[in-house]
Amino acid sequence: MGNTKSSALSKEILEDLKSNTKYSETELCTWYQSFLKECPNGKISKQQFEGIYASFFPNADPTAYARHVFRSFDTNADGTLDFKEYIVALHLTSGGKTRQKLEWAFALYDVDGNGNINKQEIIEIVRSIFNMIPTDDQTNLPEDENTPEKRAEKIWAFFGKKEDDKISEGEFIQGVMDNKDILRLIQYDEPQQIKDKLKEKKQ
């Protein structure tokens, strides 16, 4: 815990983040100071994380999606995000490499963490995404994907799976890389103003 609470970022974590994200040493050190101001104990709780999402979606309910995003980034499953987990989350959701993003997307959809995705897990995540889309915008969606169930069915059909089949991580990543339309269906595209707010939070 010593390094976590220190006002200086440990060299080991700094080097790790510099090599695995697009951020510079100056950016990381500046954000670390901001992070400690918001979270003096060096950790973000699930409730704090959900609160951040809630402030970005005043006209929708992002709670379920925020909970799944939190789970996918809480790599040591301790119920909090430390600075390293938080920066990796920021990097992947705002500009990571496609393969890295898809590895994260797989972790997001693998709700029970067993290394495979089933149809129910897809429905659960897609439903949490729909909760963040204002009702008016939902009415503008194509007829064959204007409900969580329809969109999940479309994704499942693309992979050619039977009702009780499973999708492995390799299948998932390759399938999405081969078809950009599926990429659109599995993700929630944060509007630009939300990305701008996320960046403001770090400054």
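Short-range pairs are left out: with C-alpha atoms under 8 Å and at least six residues apart, the relative contact order of segment 129-189 is 29 percent.
Take the convex hull of the alpha carbons in the chain; its mean projected area over all directions comes to 11.6 nm².
Summarising the label geometry, the points placed 7 Å from Cα in the beta-carbon direction at Asp61 and Asp112 lie 2.5 nm from one another. If R0 equals 22 Å, the separation of the Cβ atoms of Asp181 and Asn131 corresponds to a calculated FRET efficiency of about 0.45. Solvent-accessible surface (1.4 Å probe) assigned to His68 amounts to roughly 20 Å².
Here the extension length gained between Asn41 and Ala8 equals 10.5 nm, from 0.36 nm per residue of separation less the Cα-Cα distance.
With the simple model of a label 7 Å out from the Cα in the direction of the Cβ, Thr26 to Ile52 spans 2.3 nm. For segment 108-119, backbone phi angles converted through the Karplus equation (6.51, -1.76, 1.60; θ = phi - 60°) give residue-by-residue couplings of 5, 7, 7, 4, 8, x, 8, x, 9, 10, 10, 5 Hz, Gly and Pro being listed as x. Computed over segment 22-114, relative contact order equals 26 percent, with contacts defined as Cα pairs under 8 Å that lie 6+ residues apart.
Counting protein heavy atoms only, the chain has 49 percent of its accessible area on carbon and sulfur, 1.4 angstrom probe. A 1.4 Å probe, protein heavy atoms only, puts the accessible area of Thr63 near 50 Å². Dividing the summed helix terms, -39500 (n - 2.57) for each DSSP H run of n ≥ 4, by the number of residues in the chain produces a 222 nm estimate of -19000 deg cm²/dmol to the nearest 500.
Sorted largest first by accessible area at a 1.4 angstrom probe radius, with every protein chain in place, the residues Lys166, Lys180 fall in the order Lys180, Lys166. Between the helical axis of 63-73 and the longest alpha-carbon principal axis of the chain there is an angle of about 60 degrees.
How much length would be gained if the chain were fully extended between Thr139 and Ser168, taking 0.36 nm per residue of separation minus their Cα-Cα distance, in nm to one decimal? Let's see the in-between values first.
Working: separation 29, 0.36 × 29 = 10.44 nm, distance 3.26 nm.
Working it through step by step, the gained length comes to 7.2 nm.
Within the shell defined by Cβ-Cβ distances under 13 Å, the residues around Thr147 carry a net charge of -1, with Lys and Arg each +1 and Asp and Glu each -1.
Relative to the longest principal axis of the Cα atoms of the chain, helix 148-158 runs at roughly 80 degrees.
With contacts taken as Cα pairs under 8 Å and at least 6 residues apart, the chain reaches a relative contact order of 20 percent.
Probe radius 1.4 Å, ligands and nucleic acids left out: which of Lys84, Lys119 has the largest accessible area, and how do the rest follow? Intermediate results must be reported in sequence, preceding the final value.
Working: Lys84 80, Lys119 15 Å².
These residues rank, largest area first, as Lys84, Lys119.
The values are calculated or read from the model by the stated rules, or taken from the named source; none is laboratory data. Quick caveat, the model's predicted, so the values are computed rather than measured. Cβ atoms come from the backbone with ideal geometry, glycine included; neighbour counts cover every protein chain shown. Note: accessible area is taken over every heavy atom of the protein model, side chains too, but ligands, DNA and RNA are not part of it. Shrake-Rupley method; radii C 1.70, N 1.55, O 1.52, S 1.80 Å.
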